[in-house]
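The values are calculated or read from the model by the stated rules, or taken from the named source; none is laboratory data. These numbers were taken from a predicted model, which means no experiment stands behind them. Neighbour counts run over all protein chains shown; Cβ positions are idealised from the backbone, glycine included. Each accessible area value is taken on the protein alone, full model and side chains, heavy atoms only, with ligands, DNA and RNA left out. Shrake-Rupley method; radii C 1.70, N 1.55, O 1.52, S 1.80 Å.
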Amino acid sequence: MRKYDFANITVRPFPTISDVLNPYIFGGIKSVINVSEKEDLNLISYFKTHSMTYHYFPLKECAPDMGWRSIMKCAETIIDNVRKDIPTIVHCIGGNNRSPLVVECAFYALYGYHLSDEYKGAKNHLLYNVEQGNLPFTLQEIERALKSLTSRER
């Protein structure tokens with residue numbers, strides 16, 4: 001589990017029901033973003049009955065197109081949550097690549113530079129996935145698209 005300093009955002013592995021019941025993990029959380037390829041209907045039901053907004057943006061791990069549309073929609077949701085100071089958990093299966101990737105995309109859109117995060121010898125998860133060919137665009141195209149999320153009127 002990793003907390004980010006720039007906002008009330010945590011990334012983590014796919015939660016179990018005991019994780020969700022743990023106030024140290026999910027206490028105060030108002031938004032849950034799932035970027036894995038699976039969903040758990042019991043967790044979704046719990047989120048909804050406990051006033052947590054649930055979002056599902058499936059991303060494929062280490063694929064030629066991880067799901068660019070989902071990345072952009074997810075980053076937009078994270079940006080909105082940051083601006084509204086909504087406590088958010090972003091999760092995938094392991095919490096090691098996809099969930100930090102979308103948070104770092106939102107960070108770039110908000111602040112215009114890459115969040116420093118040493119991951120597999122790369123600067124951060126976004127740069128790592130560009131270098132690995134998991135995203136179908138150049139870094140400049142990705143940066144331009146991410147900045148467009150914050151340049152339009154909200």
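Filter region 7-21 down to the residues that are without any contact (Cβ under 8 Å) to a residue 60 or more places away in the chain and closer than 14 Å to His91 by Cβ and list them by number. Hits for region 7-21 are Thr16, Ile17, Asp19, Val20. Just give me the residues in region 6-32 being part of a loop (DSSP other than H, G, I, E, B) and either within 15 Å of the chain's Cα centre (by Cα) or of a type outside the set (Ser, Thr, Tyr) (or both), in sequence order. If the condition is that a residue be part of a loop (DSSP other than H, G, I, E, B) and either within 15 Å of the chain's Cα centre (by Cα) or of a type outside the set (Ser, Thr, Tyr) (or both), then Phe6, Ala7, Asn8, Pro13, Phe14, Pro15, Asn22, Gly27, Gly28, Ile29, Lys30 are the ones that fit.
Restricted to region 132-154, and to residues there that are acidic (Asp, Glu) and in a helix (DSSP H, G or I), the residue that is least open to solvent (accessible area, probe 1.4 Å) is Glu143. Check Lys73, Lys38, Lys3 and return the single one that is among the charged types (D, E, K, R) and farther than 27 Å from Pro136 by Cα. Within the list Lys73, Lys38, Lys3, the selection yields Lys3.
Residue count for region 104-154 satisfying the condition of being modelled with pLDDT under 95, hydrophobic (A, V, I, L, M, F, W, C) and under 16 Å from the mean Cα position of the chain (by Cα): 4.
Scanning region 67-111 for residues that are surrounded by fewer than 19 Cβ atoms within 10 Å (Cβ to Cβ), more than 17 Å from Val32 (Cβ to Cβ) and of a type in the set (D, E, K, R) returns Arg69, Arg83. Residues in region 122-133 include at least one that is within 30 Å of Val20 (Cα to Cα), in contact with a His (Cβ under 9 Å, 6 or more places away or on another chain) and of a type outside the set (D, E, K, R). Residue pairs whose Cβ atoms lie under 8 Å apart, separated by 6 or more positions or on different chains, with the first residue in region 92-108 and on the phi > 0 side of the Ramachandran plot and the second outside any helix (DSSP H, G or I) and not hydrophobic (A, V, I, L, M, F, W, C), are Gly95/Arg2; Gly95/Arg12; Gly95/Pro13.
Being farther than 19 Å from Pro100 by Cβ and at pLDDT 95 or above is a property that does not hold for Ile71. For region 6-27, the candidate set comprises residues that are of a type in the set (Val, Ile, Thr) and open to solvent by 50 Å² or more (accessible area, probe 1.4 Å); within that set, the residue that is nearest to Glu104 (Cα to Cα) is Thr16. Scanning region 45-66 for residues that are crowded, with 20+ Cβ neighbours inside 10 Å and more than 20 Å from Pro15 (Cα to Cα) returns a single hit, Met66. Looking at Lys3, is it closer than 23 Å to Met66 by Cβ, surrounded by fewer than 15 Cβ atoms within 10 Å (Cβ to Cβ) and either of a type in the set (Asp, Glu) or within 18 Å of the chain's Cα centre (by Cα) (or both)? Considered against the rule, which asks whether it is closer than 23 Å to Met66 by Cβ, surrounded by fewer than 15 Cβ atoms within 10 Å (Cβ to Cβ) and either of a type in the set (Asp, Glu) or within 18 Å of the chain's Cα centre (by Cα) (or both), Lys3 comes out as no.
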